[in-house]
Amino acid sequence: MSSRDRILARVRAAVDGAPAAPAPTRSYLNSHTPGDPAAVLDLLHHNLADYRARVHRTAAACLAPLVAQLLAARNARSVLVPAGLPDTWLADTHRVRVVEDTEGATAAQLDAVDSVITGCALAIAETGTIVLDAGTAQGRRRITLVPDHHICVVRVPDQVVASVPQAMGRLDPGRPLTWISGPSATSDIELDRVEGVHGPRTLDVVLLSP
Amino acid sequence: MSGTFIGMPAFPRAARAAVHDATLRGNLRHATHTIRGKRAQAVAELADWQQLRDAGKQIKDHTLRHLDRYLEQLERSVTAAGGTVHWAADAEEANRIVAGLVKATGESEVVKVKSMATQETGLNEALAAEGIHAYETDLAELIVQLGDDRPSHILVPAIHRNRAEIRDIFRERMGRWGRAAPQDLTDEPADLAEAARLHLREKFLRAKVGISGANFMVAETGTLVVFESEGNGRMCLTLPETLISVVGIEKTIPTWRDLEVFLQTLPRSSTAERMNPYTSTWTGTTDGDGPRSFHLVLLDNGRTDALADDVGRQALRCIRCSACLNVCPVYERAGGHAYGSVYPGPIGAILTPQLRGTTSEIDASLPYASSLCGACYEVCPVAIDIPEVLVHLREKVASQGGHLWEKAAMKAAALAMDHPAAMAAGERIASRTRALHPKRPPGAGAWTDSRDLPDLPAEPFRDWWKKNRT
């Protein structure tokens, strides 16, 4: 008998005669936040900042100068961009080498890049979370992990949801997802929170209005 | 479980040694009190906490009741998404499968994201025996591994170490495993984290094989989920060419939507955050992104024994948040090592004796490692009635002839209480022979070694009552 068959037989024997366990009742809330888009955006801003992401709000016309400024503030000499990133986002960025991510790029090459800029799939206000699904303008999971600085642009209002349950319905579990709430952090030493152990130490989130 | 714990003294003896360690007690007290206060705040933010807790309990109970069906569905989904599923009846088989998979890649090094399941199976030691070096990459696990130590907490395995101890471990040991720590390393947490970052980055960038556990597996879609904070998980899950995940069969949930419950309850219960910094989900393999081959090892290792126990099976609902450890007065003083298993605290006291059975001295002592105060049940996000299972397991231990002296004493007490004259006589004799009584209950064994007898009063209560109240 294979281990597969043995384990399944043991499971069946173990629950044989156990009372039925009905499907779950979902009496929990779909959202904890009023439906007002401005309030949801404020909450997102607050919760992102609470977990030490640096939050910026801007309109489409001012995005390029803001991105240039964020890169300059880090003295970034190179910035990694995934396929599908709008050219206009980097229109004001000069003297910074733009590195396009390719499948052949090694982890060591990514490690040599100063910053990365991506879009996202959506952002969740109640938890201060951005979700990447490796779609357009987001690239492979590793590009937002290895460089030390990540700029993430969230389109407001269409990429903002209030709650986790609202996010689930919009995400495709077939894609690899990365949920990011603030920069990399650890509390393993006397529960003192330290940012940046392995992932980017700095996370700039740009809330981009039309 | 891991051979590391063979020869471990029973809980009372181990705990007695631990409570005399003032540094350990101080570290534990600071940590558990800090985190329990923060957790209460994080939970209070959600008005529907009780409903989320109910839903989590129901999802897990439903899955466990139909686990055969969901495991088969999970296998189909993972396979359809490009993964390979392996079944391991026990720790030894799981380790053999993993070692075989690593050898097939030709590699002799693997990076690991913290995994309770592989700690349970003693995978690192098993791989070492095959000439494969497994590097733990979670900061706390690194501290434990470098220090030749054992984890003492589910969430923060190095909770028993303070910053000065960690600095010493890094300075002395890091160089033996790779990039050395700077000799002027301070004990500032930020500096210690930086030393770990540099040390581990070397390993991440060259790793060809990653090993993980998972917090959840979604049967419907074949999706695995890892919750973490540091990014070491993301490194292990996405940089290597081969990913091997070893996961207990009880981590299955039916649907993608079910995750919305645990995404809300797990972070708030464990790290007291609205959300942990990083959560990764993967479904099989993705072309051009992440590992090219993915293996899932489904682990039984005693879980079906727990499942067969009508009362005890609720322990399999556990989502390993560790909230019960942080509120437990016994854990707070004894620390995690005293439990002699990778699962310490209240959940360990009920899970370990079910996974391993109660034949060894340490496992038979675990159901008694509790004051039954019930705080663990209050905070459990999937409403495991830990006190109920503890009492149930005590009955089991007692029925196998566990604590003979305790049973004899209870029988004698029942007899005396049924016969008031005998009781009164006994009390008077006891008072008059005070000086002759030992300070500890006589008899061998863990129970009596750690308990003092209360002082006997100079006169029995009945005599005092007659004199003063009648």
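The values are calculated or read from the model by the stated rules, or taken from the named source; none is laboratory data. Remember, it's a predicted structure, so these values are computed and weren't measured experimentally. Here the Cβ is made from the backbone with ideal geometry for all residues, glycine too, and neighbour counts use every protein chain on show. In case anyone asks, the SASA skips ligands and DNA or RNA and just uses the protein heavy atoms, side chains included. Shrake-Rupley method; radii C 1.70, N 1.55, O 1.52, S 1.80 Å.
Out of the DSSP beta bridges found with both residues in the protein assembly as shown, what percent are antiparallel (nearest 5)? The partial results should precede the final answer.
Working: 22 of 71 bridges.
For the protein assembly as shown, the DSSP antiparallel bridge percentage is about 30.
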Exercise for the section: Mind pulling the angle between the C-alpha long axis of helix B:386-399 and the longest principal axis of chain B? Nearest 10 degrees, somewhere in 0 to 90. Expected result: 70
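Say the cut-off is 20 Å between C-alpha atoms; which of B:K114/B:K208; B:K38/B:K251; B:K114/B:K251 go over it?
On the way: B:K114/B:K208 17 Å; B:K38/B:K251 26 Å; B:K114/B:K251 16 Å.
Among B:K114/B:K208; B:K38/B:K251; B:K114/B:K251, the Cα-Cα distance tops 20 Å for B:K38/B:K251.
Under the 0.36 nm per residue contour assumption, what length would be gained going from the current alpha-carbon distance of B:R206 and B:R171 to full extension? Mind dumping the intermediate values first?
Numbers: separation 35, 0.36 × 35 = 12.60 nm, distance 2.34 nm.
That works out to 10.3 nm of additional length.
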Exercise for the section: Between the alpha-carbon centers of the range A:1-37 and the range B:180-243, tell me the distance in whole angstrom. Expected result: 30
Exercise for the section: Give me the distance in nm between label points sitting 7 Å out from Cα along the Cα-to-Cβ direction at A:R6 and B:A22, one decimal. Expected result: 5.2
Exercise for the section: Mind pulling the angle between the C-alpha long axis of helix A:3-15 and the longest principal axis of chain A? Nearest 10 degrees, somewhere in 0 to 90. Expected result: 60
Exercise for the section: Could you calculate the FRET efficiency of B:R69 with B:R469 from 1/(1 + (r/R0)^6), where r is the beta carbon distance between them and R0 is 56 Å, rounded to 0.05? Expected result: 0.25
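Full-extension gain between B:T105 and B:R179, please, as 0.36 nm times their residue separation minus the C-alpha to C-alpha distance. Before the final figure, lay out each step's value.
On the way: separation 74, 0.36 × 74 = 26.64 nm, distance 2.49 nm.
The B:T105-B:R179 span can extend by a further 24.2 nm.
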Problem - B:R292-B:E45 FRET efficiency (beta carbon distance; Förster radius 51 Å; 0.05 resolution) - result: 0.80
Handout entry: Distance (nanometres) between label positions extended 7 Å along Cα→Cβ at A:A61 and B:V311
Key = 7.2
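Among DSSP bridges having both ends in the range B:207-274, what percentage is antiparallel? Round to the nearest 5.
35
Provide the gained length on full extension for the span A:D87 to A:Q69, in nm with one decimal, where the gain is 0.36 nm per separating residue minus the Cα-Cα distance.
Working: separation 18, 0.36 × 18 = 6.48 nm, distance 1.63 nm.
In short, 4.8 nm is gained.
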Completion exercise
Between the alpha carbon centres of the range B:1-73 and the range B:151-168 the gap in Å comes to 17
Exercise for the section: With viscosity set to 1.567 mPa s and temperature to 4 °C, compute the Stokes-Einstein D of chain B, Rh being the Kirkwood radius across alpha carbon pairs; µm²/s, no decimals. Expected result: 54
Problem - Placed amide H near A:R54: partners under 5 Å, 5+ positions off or other chain - result: A:L203, A:D204, A:V205
Problem - Local electrostatic count at B:I159 - Lys and Arg +1, Asp and Glu -1, tallied over other residues with Cβ under 9 Å - result: -1
Completion exercise
Rounded to one decimal in nm, the spacing of the 7 Å Cα→Cβ label points at B:M423 and A:L29 is 5.4
Exercise for the section: Please identify which residues in the range B:277-313 have an amide N closer than 17 Å to a label point set 7 Å out from the Cα of B:R96, following the Cα→Cβ vector. Expected result: B:297-302
Handout entry: Vicinal HN-Hα couplings computed from phi for the range B:8-15 (Karplus, 6.51 cos²θ - 1.76 cosθ + 1.60; Hz; Gly/Pro x)
Key = 5, x, 4, 3, x, 5, 4, 5
Completion exercise
By the rule of another cysteine's Cβ lying under 4.7 Å, the cysteines of the protein assembly as shown that fail to get a partner are A:C62, A:C120, A:C152, B:C236, B:C318, B:C321, B:C328, B:C373, B:C380
Practice task
Would you mind getting the accessible area per residue of the protein assembly as shown, heavy atoms of the protein chains only, 1.4 Å probe, in Å²?
Solution key: 39
Handout entry: Where only C-alpha atoms are counted, convex hull volume of the protein assembly as shown per residue in Å³
Key = 181
Handout entry: Dipole moment magnitude, nearest 20 debye, the protein assembly as shown about Cα centre, only Lys, Arg, Asp, Glu C-beta charged
Key = 1440
Practice task
Could you pull out every residue, at least 5 positions away or on a different chain, whose amide H is within less than 5 Å of the one on A:S209? Hs are placed 1.01 Å off N in the peptide plane, and Pro or chain starts have none.
Solution key: A:T58, A:A59, A:A60, A:V156
Exercise for the section: Provide Rg and Dmax in Å for the range B:173-301, with only Cα atoms included in the calculation. Expected result: 16.8, 52
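For B:P240, what charge total do you get from the other residues with a beta carbon under 12 Å from its beta carbon, if Lys and Arg give +1 and Asp and Glu give -1?
Numbers: positive: A:R142, B:K112, B:K203, B:R206, B:K208, B:R234, B:R292; negative: B:E107, B:E109, B:E241.
That sum, taken over residues with Cβ under 12 Å, equals +4.
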Fill in the blank from the handout: The set of residues whose placed amide H lies less than 5 Å from the amide H of B:N215, leaving out same-chain residues fewer than 5 positions away, is B:V225, B:V226, B:F227
Practice task
Could you run the Karplus curve 6.51 cos²θ - 1.76 cosθ + 1.60 with θ = phi - 60° over the range B:417-430 and give me ³J(HN,Hα) per residue in whole Hz, x for Gly and Pro?
Solution key: 6, 6, 10, x, 5, 5, 4, 4, 5, x, 4, 5, 4, 4
Problem - Radius of gyration, Dmax [the range B:317-437; alpha carbons; angstrom] - result: 18.3, 55
Practice task
Starting from the Cα gyration tensor of the range B:249-333, take the square roots of the eigenvalues, sort them a ≥ b ≥ c, and report rounded, prolate or oblate (rounded when a/c is under 1.5, otherwise prolate if a/b is larger than b/c, else oblate).
Solution key: oblate
Problem - Hz values of 3J(HN,Hα) by residue in the range A:24-38 - Karplus curve (6.51, -1.76, 1.60), Gly and Pro given as x - result: x, 8, 10, 8, 6, 7, 7, 7, 9, 10, x, x, 6, x, 5
Practice task
Select from A:A162, A:A137, A:A38 the residue whose mean-square fluctuation is largest in a Gaussian network model of chain A (Cα-Cα springs shorter than 10 Å).
Solution key: A:A38
Practice task
Determine the principal axes of the Cα atoms in the range A:76-151, then give the extent along each, sorted from largest to smallest and rounded to whole angstroms.
Solution key: 37, 28, 20
